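The values are calculated or read from the model by the stated rules, or taken from the named source; none is laboratory data. This is a predicted model, so every value here is computed, not measured. Cβ atoms come from the backbone with ideal geometry, glycine included; neighbour counts cover every protein chain shown. Note: areas computed on protein heavy atoms with side chains; ligands, DNA, RNA excluded. Shrake-Rupley method; radii C 1.70, N 1.55, O 1.52, S 1.80 Å.
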Amino acid sequence: MKIAFVGKGGSGKTTLSSLFIRHLAANEAHVVAVDADINQHLGAALGLDDHEAAALPAMGAQLPLIKEYLRGSNPRIASVETMIKTTPPGEGSRLLRVREDNPVYDACARTVRLDDGEIRLMATGAFTDSDLGVACYHSKVGAVELCLNHLIDGPDDYVVVDMTAGSDSFASGMFTRFDMTFLVAEPTRKGVSVYRQYKDYAQDFGVALKVIGNKVQGEDDLDFLRAEVGDDLLVSVGHSDWVRAMEKGRPARFELLEADNRMALQALQNAAEDSYEQRDWERYTRQMVHFHLKNAESWGNEKTGADLAAQVDPAFVLDERYVQDGAAQPA
């Protein structure tokens, strides 16, 4: 299942996504974690030192390789130059799976060993001075979106994405790629304003959205969040000595995380699993096509000089049949 952590800058979404990833690893889940935030901090939150975090390969720099691999033998895609971030898979496309080795993972993923298991970590790459004036962070996140469009996952697979702050994912439709979106909100007006923005954008697309109240200090904070987000409030998290030690680079073993926080993480996993059971593969594929056509018309056709609507394979539906297959071949 695909899970996004979103929220305003400083809300604690990277910390909470890293705790959730550790929780999944402790439960022996198969996890691919993706740092898609403009501020690349997920690696450090998972215990990498500065050198190790800086050495993570940037997905944005590997975009030509990613396109070449995913294109496969799809006859509807004339060249990798005509692939954009929303290009959907079709007959002949290669798909990514959580539990496999492939050239994309070889180039972009690194194994991170945690206290109770290991996960694959991928990162978009930081926005650098060389990008100023010639690029935007959408181009880097585009590599993530293309991979998500071609990633087939089963109920025991987890893809956890730490998203960039703000509403960038709505520009291309990446927000529809997730079975569950966890919005981390502080009990403040600014914190809940981000929730309202996501709720307004997502409500027409059936996107599952739950709120994690963070930095909650008492009943007054809880009452505020309940009043502002209602039943979307799933769990709340307060002060954690374990997290404070982790942020100093000296975490205890994960099994020593406070019991109430461990219970909160299990509630997140339960909510994600419940949401995955409701996945409508036809709608999932249809939304992918919808945003591809929208992006093709608004900028993609002009940029590539091609009619990108022709990339859509009307007979193709992405679903669990392809979890074990070597390529996307409709029955």
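Details
- Test for Q266: is it open to solvent by less than 90 Å² (accessible area, probe 1.4 Å), touching a Ser or Thr at 6+ places or on another chain (Cβ under 8 Å) and either farther than 29 Å from K13 by Cβ or not hydrophobic (A, V, I, L, M, F, W, C) (or both): no
- Test: residue in the range 239-255 that is within 27 Å of E277 (Cα to Cα), open to solvent by less than 20 Å² (accessible area, probe 1.4 Å) and over 14 Å from the mean Cα position of the chain (by Cα): no
- Test: residue in the range 197-207 that is modelled with pLDDT under 90 and open to solvent by less than 20 Å² (accessible area, probe 1.4 Å): yes
- Looking only at the range 73-83, residues that are over 11 Å from A306 (Cα atoms) and either crowded, with 24+ Cβ neighbours inside 10 Å or within 24 Å of the chain's Cα centre (by Cα) (or both) come to 1 in all.
- Against the test of being over 20 Å from V141 (Cβ atoms) and over 16 Å from the mean Cα position of the chain (by Cα), the options A107, A55 yield a single qualifying residue, A55.
- The range 85-102, residues that are over 18 Å from the mean Cα position of the chain (by Cα) and touching a residue at least 12 places away in the same chain (Cβ under 8 Å): P89, G90, E91, G92, S93, R94, N102
- Qualifying positions in the range 50-60 - hydrophobic (A, V, I, L, M, F, W, C) and surrounded by 15 or more Cβ atoms within 10 Å (Cβ to Cβ): A53, L56, A58, M59
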